[in-house]
Amino acid sequence: MIDHILVPLDGSPLAECVLPHTVAVGQAMDAKVTLLRAVVREATPGSQAVDPLSWHMRKSEADSYLTEVAERIREVGLTVETVLAEGQPAERIIDYARDEHVGLIIISSHGKSGLSRWNINSVVQKVILQVYAPTMLVRAYQPEAEELTGLQYARVLVPLDGSKRAECTLPWAKSLAEVHKSKLLLAHVVSHPEVPRRAPLTEEEKDLVQRLVDLNKQEGDAYLRDVESRLGSAAEAHLMVSDNPSAALHQLVDEEDVDLILMAAHGYSGQARWPYGSIALNFIAYGSKPLLMIQDVPPEEAAMTEAERAARERAGH
(Lines give C-alpha, C1' and ligand atoms only; values in the text may rest on other atoms or scores of the structure.)
Protein backbone atom coordinates (compact mmCIF):
# COMPACT_ATOMS: atom_id res chain seq x y z
CA MET A 1 0.00 0.00 0.00
CA ILE A 2 2.84 2.39 0.88
CA ASP A 3 6.56 1.78 0.63
CA HIS A 4 8.08 5.01 1.94
CA ILE A 5 7.59 6.81 5.27
CA LEU A 6 9.04 10.26 5.96
CA VAL A 7 9.84 11.14 9.57
CA PRO A 8 10.89 14.76 10.24
CA LEU A 9 13.05 15.23 13.35
CA ASP A 10 14.63 18.30 14.93
CA GLY A 11 16.89 16.69 17.52
CA SER A 12 14.49 17.15 20.44
CA PRO A 13 13.04 14.44 22.71
CA LEU A 14 9.54 15.76 21.97
CA ALA A 15 9.94 15.12 18.24
CA GLU A 16 11.13 11.58 18.96
CA CYS A 17 7.68 10.60 20.24
CA VAL A 18 7.04 9.55 16.63
CA LEU A 19 9.63 6.76 16.67
CA PRO A 20 7.54 3.95 18.25
CA HIS A 21 4.73 4.84 15.82
CA THR A 22 7.21 4.80 12.94
CA VAL A 23 8.22 1.27 13.89
CA ALA A 24 4.62 0.14 14.44
CA VAL A 25 3.39 1.48 11.09
CA GLY A 26 6.59 0.70 9.18
CA GLN A 27 6.48 -2.95 10.19
CA ALA A 28 2.76 -3.19 9.39
CA MET A 29 3.28 -1.67 5.92
CA ASP A 30 6.72 -3.16 5.25
CA ALA A 31 7.92 0.35 4.28
CA LYS A 32 11.33 1.98 4.28
CA VAL A 33 11.84 5.01 6.50
CA THR A 34 13.55 8.32 5.74
CA LEU A 35 14.60 10.47 8.68
CA LEU A 36 14.82 14.12 7.67
CA ARG A 37 16.30 17.00 9.60
CA ALA A 38 16.33 20.56 8.27
CA VAL A 39 19.06 22.95 9.45
CA VAL A 40 18.64 26.70 9.03
CA ARG A 41 21.59 28.99 8.33
CA GLU A 42 21.75 31.52 11.15
CA ALA A 43 23.88 34.65 11.14
CA THR A 44 26.36 35.34 13.91
CA PRO A 45 24.83 37.60 16.60
CA GLY A 46 25.53 41.24 15.71
CA SER A 47 26.36 40.37 12.12
CA GLN A 48 24.61 39.35 8.91
CA ALA A 49 27.31 36.83 8.07
CA VAL A 50 27.19 33.10 8.81
CA ASP A 51 30.23 31.78 10.62
CA PRO A 52 31.54 28.89 8.42
CA LEU A 53 32.99 26.90 11.33
CA SER A 54 29.82 27.17 13.41
CA TRP A 55 27.70 26.22 10.40
CA HIS A 56 29.86 23.17 9.67
CA MET A 57 29.65 22.05 13.30
CA ARG A 58 25.87 22.40 13.38
CA LYS A 59 25.50 20.30 10.24
CA SER A 60 27.89 17.67 11.57
CA GLU A 61 25.97 17.45 14.86
CA ALA A 62 22.66 17.14 13.01
CA ASP A 63 24.06 14.45 10.72
CA SER A 64 25.47 12.50 13.67
CA TYR A 65 22.09 12.71 15.40
CA LEU A 66 20.28 11.31 12.36
CA THR A 67 22.82 8.50 12.04
CA GLU A 68 22.33 7.51 15.69
CA VAL A 69 18.52 7.47 15.43
CA ALA A 70 18.66 5.56 12.14
CA GLU A 71 20.81 2.86 13.73
CA ARG A 72 18.30 2.41 16.54
CA ILE A 73 15.51 1.86 14.01
CA ARG A 74 17.58 -0.49 11.86
CA GLU A 75 18.11 -2.69 14.91
CA VAL A 76 14.39 -3.50 14.95
CA GLY A 77 14.42 -4.58 11.30
CA LEU A 78 13.41 -1.54 9.24
CA THR A 79 15.23 -0.09 6.25
CA VAL A 80 16.28 3.46 7.07
CA GLU A 81 17.99 6.31 5.27
CA THR A 82 18.75 9.85 6.43
CA VAL A 83 18.48 13.24 4.76
CA LEU A 84 20.09 16.44 6.05
CA ALA A 85 18.43 19.42 4.38
CA GLU A 86 19.28 23.11 4.47
CA GLY A 87 16.48 25.63 4.87
CA GLN A 88 13.23 26.25 6.69
CA PRO A 89 11.88 22.96 8.12
CA ALA A 90 8.31 23.15 6.80
CA GLU A 91 9.44 23.96 3.26
CA ARG A 92 12.08 21.23 3.20
CA ILE A 93 9.65 18.62 4.55
CA ILE A 94 7.00 19.51 1.97
CA ASP A 95 9.47 19.64 -0.91
CA TYR A 96 10.99 16.27 -0.04
CA ALA A 97 7.60 14.60 0.43
CA ARG A 98 6.44 15.79 -2.98
CA ASP A 99 9.69 15.20 -4.86
CA GLU A 100 10.08 11.66 -3.51
CA HIS A 101 6.35 10.77 -3.64
CA VAL A 102 6.36 9.80 0.02
CA GLY A 103 3.49 7.52 1.02
CA LEU A 104 3.16 8.72 4.61
CA ILE A 105 4.57 11.44 6.86
CA ILE A 106 4.75 10.75 10.60
CA ILE A 107 5.27 13.99 12.51
CA SER A 108 5.21 15.14 16.14
CA SER A 109 2.84 17.89 17.21
CA HIS A 110 5.72 19.72 18.95
CA GLY A 111 9.50 19.78 18.82
CA LYS A 112 12.47 21.78 20.03
CA SER A 113 10.40 24.93 20.57
CA GLY A 114 8.68 23.03 23.38
CA LEU A 115 5.10 22.35 24.37
CA SER A 116 2.66 25.22 24.18
CA ARG A 117 -1.00 25.99 24.66
CA TRP A 118 -1.50 25.27 20.95
CA ASN A 119 -2.35 21.72 19.93
CA ILE A 120 0.24 21.78 17.13
CA ASN A 121 3.19 24.07 16.52
CA SER A 122 3.61 26.35 13.53
CA VAL A 123 5.90 24.02 11.54
CA VAL A 124 3.44 21.14 11.83
CA GLN A 125 0.54 23.38 10.86
CA LYS A 126 2.35 24.49 7.69
CA VAL A 127 3.21 20.93 6.73
CA ILE A 128 -0.27 19.55 7.33
CA LEU A 129 -2.00 22.32 5.38
CA GLN A 130 0.35 22.27 2.40
CA VAL A 131 1.77 18.79 1.85
CA TYR A 132 -1.35 17.03 0.47
CA ALA A 133 -0.10 13.59 1.52
CA PRO A 134 -1.21 11.01 4.10
CA THR A 135 0.02 12.28 7.45
CA MET A 136 0.15 10.81 10.94
CA LEU A 137 0.12 13.39 13.73
CA VAL A 138 1.49 12.16 17.07
CA ARG A 139 0.71 14.21 20.18
CA ALA A 140 4.00 15.06 21.91
CA TYR A 141 2.25 15.93 25.17
CA GLN A 142 0.91 12.39 25.64
CA PRO A 143 2.97 9.77 27.54
CA GLU A 144 5.42 8.23 25.10
CA ALA A 145 6.38 4.58 24.78
CA GLU A 146 9.70 3.79 26.46
CA GLU A 147 10.75 1.28 23.79
CA LEU A 148 10.73 1.47 20.00
CA THR A 149 8.92 -1.85 19.73
CA GLY A 150 5.78 -3.14 21.37
CA LEU A 151 3.41 -0.30 20.50
CA GLN A 152 -0.01 -1.75 19.60
CA TYR A 153 -3.08 -0.03 18.19
CA ALA A 154 -5.60 -2.15 20.04
CA ARG A 155 -8.58 0.10 19.27
CA VAL A 156 -8.71 2.13 16.07
CA LEU A 157 -11.51 4.59 15.35
CA VAL A 158 -12.53 4.80 11.68
CA PRO A 159 -15.15 7.53 11.06
CA LEU A 160 -17.23 6.96 7.92
CA ASP A 161 -19.93 9.16 6.41
CA GLY A 162 -21.14 6.73 3.74
CA SER A 163 -19.09 8.26 0.93
CA LYS A 164 -16.53 6.45 -1.20
CA ARG A 165 -14.03 9.20 -0.39
CA ALA A 166 -14.16 8.38 3.31
CA GLU A 167 -13.58 4.70 2.52
CA CYS A 168 -10.02 5.47 1.37
CA THR A 169 -9.12 4.64 4.99
CA LEU A 170 -10.32 1.04 4.79
CA PRO A 171 -7.22 -0.56 3.19
CA TRP A 172 -5.09 1.12 5.87
CA ALA A 173 -7.46 -0.06 8.60
CA LYS A 174 -7.37 -3.62 7.31
CA SER A 175 -3.55 -3.69 7.18
CA LEU A 176 -3.19 -2.30 10.70
CA ALA A 177 -5.82 -4.68 12.07
CA GLU A 178 -4.08 -7.71 10.59
CA VAL A 179 -0.72 -6.83 12.16
CA HIS A 180 -1.84 -5.24 15.43
CA LYS A 181 -4.92 -7.42 16.00
CA SER A 182 -6.85 -4.17 16.26
CA LYS A 183 -10.53 -3.73 16.93
CA LEU A 184 -11.79 -1.34 14.24
CA LEU A 185 -14.51 0.95 15.57
CA LEU A 186 -16.53 1.97 12.51
CA ALA A 187 -18.36 5.19 13.43
CA HIS A 188 -21.18 6.82 11.50
CA VAL A 189 -22.96 9.92 12.84
CA VAL A 190 -26.46 10.83 11.72
CA SER A 191 -27.08 14.55 12.11
CA HIS A 192 -30.39 16.24 12.70
CA PRO A 193 -31.11 18.27 9.56
CA GLU A 194 -31.02 22.03 9.93
CA VAL A 195 -34.40 23.70 9.49
CA PRO A 196 -33.88 27.46 9.89
CA ARG A 197 -37.06 29.12 11.10
CA ARG A 198 -37.88 32.42 12.79
CA ALA A 199 -40.58 30.65 14.78
CA PRO A 200 -40.57 27.22 16.50
CA LEU A 201 -41.14 24.24 14.23
CA THR A 202 -44.67 23.08 13.76
CA GLU A 203 -45.62 19.55 14.74
CA GLU A 204 -45.75 18.63 11.06
CA GLU A 205 -42.23 19.98 10.53
CA LYS A 206 -40.93 18.16 13.61
CA ASP A 207 -42.44 14.93 12.31
CA LEU A 208 -40.80 15.48 8.93
CA VAL A 209 -37.39 16.04 10.57
CA GLN A 210 -37.75 12.91 12.69
CA ARG A 211 -38.75 10.81 9.69
CA LEU A 212 -35.66 12.00 7.86
CA VAL A 213 -33.47 11.15 10.86
CA ASP A 214 -35.05 7.69 11.08
CA LEU A 215 -34.48 7.12 7.37
CA ASN A 216 -30.83 8.17 7.65
CA LYS A 217 -30.39 5.89 10.67
CA GLN A 218 -31.69 2.94 8.67
CA GLU A 219 -29.37 3.75 5.77
CA GLY A 220 -26.46 4.35 8.12
CA ASP A 221 -27.00 1.07 9.91
CA ALA A 222 -27.19 -0.86 6.63
CA TYR A 223 -24.04 0.88 5.41
CA LEU A 224 -22.06 0.07 8.56
CA ARG A 225 -23.18 -3.56 8.43
CA ASP A 226 -21.94 -3.78 4.84
CA VAL A 227 -18.52 -2.34 5.73
CA GLU A 228 -18.40 -4.52 8.82
CA SER A 229 -18.93 -7.63 6.67
CA ARG A 230 -16.11 -6.56 4.34
CA LEU A 231 -13.64 -6.12 7.21
CA GLY A 232 -14.60 -9.23 9.16
CA SER A 233 -14.53 -9.85 12.90
CA ALA A 234 -12.08 -7.00 13.53
CA ALA A 235 -14.82 -4.43 12.85
CA GLU A 236 -17.40 -3.11 15.29
CA ALA A 237 -20.15 -0.71 14.16
CA HIS A 238 -21.11 2.43 16.11
CA LEU A 239 -24.13 4.37 14.84
CA MET A 240 -24.77 7.69 16.59
CA VAL A 241 -27.26 10.54 16.28
CA SER A 242 -25.98 14.00 17.13
CA ASP A 243 -26.31 17.64 16.20
CA ASN A 244 -22.51 17.84 16.32
CA PRO A 245 -20.68 14.95 14.57
CA SER A 246 -17.26 16.12 15.76
CA ALA A 247 -18.37 16.21 19.39
CA ALA A 248 -19.96 12.76 19.07
CA LEU A 249 -16.72 11.32 17.66
CA HIS A 250 -14.60 12.94 20.39
CA GLN A 251 -16.90 11.41 22.99
CA LEU A 252 -16.55 7.99 21.39
CA VAL A 253 -12.75 8.35 21.43
CA ASP A 254 -12.89 8.93 25.19
CA GLU A 255 -15.47 6.26 25.97
CA GLU A 256 -13.70 3.55 23.96
CA ASP A 257 -10.16 4.55 24.98
CA VAL A 258 -9.09 4.70 21.33
CA ASP A 259 -5.38 4.27 20.50
CA LEU A 260 -5.49 5.69 16.97
CA ILE A 261 -7.91 7.70 14.86
CA LEU A 262 -7.83 6.80 11.16
CA MET A 263 -9.68 9.44 9.18
CA ALA A 264 -10.13 10.55 5.57
CA ALA A 265 -9.27 14.15 4.79
CA HIS A 266 -12.61 14.62 3.04
CA GLY A 267 -16.04 13.09 2.97
CA TYR A 268 -19.22 13.87 1.05
CA SER A 269 -18.85 17.64 1.18
CA GLY A 270 -15.06 17.86 0.77
CA GLN A 271 -13.62 20.12 -1.93
CA ALA A 272 -10.18 20.19 -3.51
CA ARG A 273 -9.84 23.90 -2.75
CA TRP A 274 -9.29 22.97 0.92
CA PRO A 275 -6.89 20.26 2.17
CA TYR A 276 -9.28 18.98 4.85
CA GLY A 277 -12.94 18.88 5.65
CA SER A 278 -14.41 20.35 8.82
CA ILE A 279 -14.26 17.17 10.93
CA ALA A 280 -10.65 16.42 10.02
CA LEU A 281 -9.69 20.02 10.84
CA ASN A 282 -11.50 19.73 14.16
CA PHE A 283 -9.46 16.66 15.12
CA ILE A 284 -6.21 18.32 14.03
CA ALA A 285 -6.97 21.33 16.19
CA TYR A 286 -8.62 19.67 19.19
CA GLY A 287 -7.82 15.94 19.16
CA SER A 288 -5.53 14.42 21.77
CA LYS A 289 -4.84 10.97 20.31
CA PRO A 290 -2.59 9.94 17.40
CA LEU A 291 -4.34 10.92 14.18
CA LEU A 292 -3.69 9.25 10.82
CA MET A 293 -5.23 11.30 8.02
CA ILE A 294 -5.51 9.85 4.52
CA GLN A 295 -5.34 12.63 1.94
CA ASP A 296 -7.33 11.96 -1.24
CA VAL A 297 -6.43 15.17 -3.10
CA PRO A 298 -3.05 15.09 -4.92
CA PRO A 299 -0.96 18.31 -4.83
CA GLU A 300 -1.43 18.98 -8.55
CA GLU A 301 -5.21 19.09 -8.10
CA ALA A 302 -5.18 21.32 -5.03
CA ALA A 303 -6.43 24.86 -5.45
CA MET A 304 -3.80 27.52 -4.76
CA THR A 305 -4.67 29.93 -1.96
CA GLU A 306 -4.47 33.69 -2.41
CA ALA A 307 -1.50 33.75 -0.03
CA GLU A 308 0.37 31.15 -2.11
CA ARG A 309 -0.39 32.98 -5.33
CA ALA A 310 0.84 36.31 -3.92
CA ALA A 311 3.99 34.75 -2.49
CA ARG A 312 4.88 33.12 -5.81
CA GLU A 313 4.28 36.34 -7.77
CA ARG A 314 6.48 38.36 -5.44
CA ALA A 315 9.19 35.71 -5.61
CA GLY A 316 9.13 35.91 -9.39
CA HIS A 317 7.74 32.40 -10.01
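The values are calculated or read from the model by the stated rules, or taken from the named source; none is laboratory data. Fair warning: this is a prediction, and the values are worked out from it, not measured in the lab. All Cβ positions, even for glycine, are placed from backbone atoms using ideal geometry, and neighbour counts span all protein chains on display. With ligands, DNA and RNA removed, areas are computed over all heavy atoms of the protein, side chains included. Shrake-Rupley method; radii C 1.70, N 1.55, O 1.52, S 1.80 Å.
Values for this structure:
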quantity: Any chance residue 137 is in a strand (DSSP E or B), closer than 20 Å to residue 266 by Cβ and either open to solvent by less than 20 Å² (accessible area, probe 1.4 Å) or out of contact with any helix residue (DSSP H, G or I) (no Cβ under 6 Å at 6 or more places or on another chain) (or both); calculated: yes
quantity: Residue 175 open to solvent by less than 60 Å² (accessible area, probe 1.4 Å) and closer than 16 Å to residue 260 by Cβ; calculated: yes
quantity: Residue in segment 165-172 that is open to solvent by less than 10 Å² (accessible area, probe 1.4 Å), in contact with a Leu (Cβ under 9 Å, 6 or more places away or on another chain) and not aromatic (Phe, Trp, Tyr) present; calculated: yes
quantity: Pairs where the first residue, in segment 211-232, is without any contact (Cβ under 8 Å) to a residue 40 or more places away in the chain and closer than 12 Å to residue 188 by Cβ and the second is open to solvent by 70 Å² or more (accessible area, probe 1.4 Å) and in a helix (DSSP H, G or I), C-beta under 8 Å, 6+ apart; calculated: none
quantity: Only one of 153, 132 that is among the hydroxyl-bearing types (Ser, Thr, Tyr), open to solvent by less than 10 Å² (accessible area, probe 1.4 Å), touching a helix residue (DSSP H, G or I) at 6+ places or on another chain (Cβ under 9 Å) and in a loop (DSSP other than H, G, I, E, B); calculated: 153
quantity: Segment 218-238, residues that are farther than 15 Å from residue 173 by Cβ, touching a strand residue (DSSP E or B) at 6+ places or on another chain (Cβ under 9 Å) and open to solvent by 80 Å² or more (accessible area, probe 1.4 Å); calculated: 219, 225
quantity: Filtered residue count, segment 181-233, keeping only those that are part of a helix (DSSP H, G or I) and closer than 26 Å to residue 164 by Cβ; calculated: 22
quantity: Condition check for residue 243: of a type in the set (Asp, Glu) and closer than 17 Å to residue 186 by Cβ; calculated: no
quantity: Matching residues, segment 285-307, being open to solvent by 30 Å² or more (accessible area, probe 1.4 Å), within 13 Å of residue 275 (Cβ to Cβ) and touching a residue at least 60 places away in the same chain (Cβ under 8 Å); calculated: 296, 298, 299
quantity: Number of positions in segment 262-282 that are surrounded by fewer than 16 Cβ atoms within 10 Å (Cβ to Cβ) and of a type outside the set (Ser, Thr, Tyr); calculated: 3
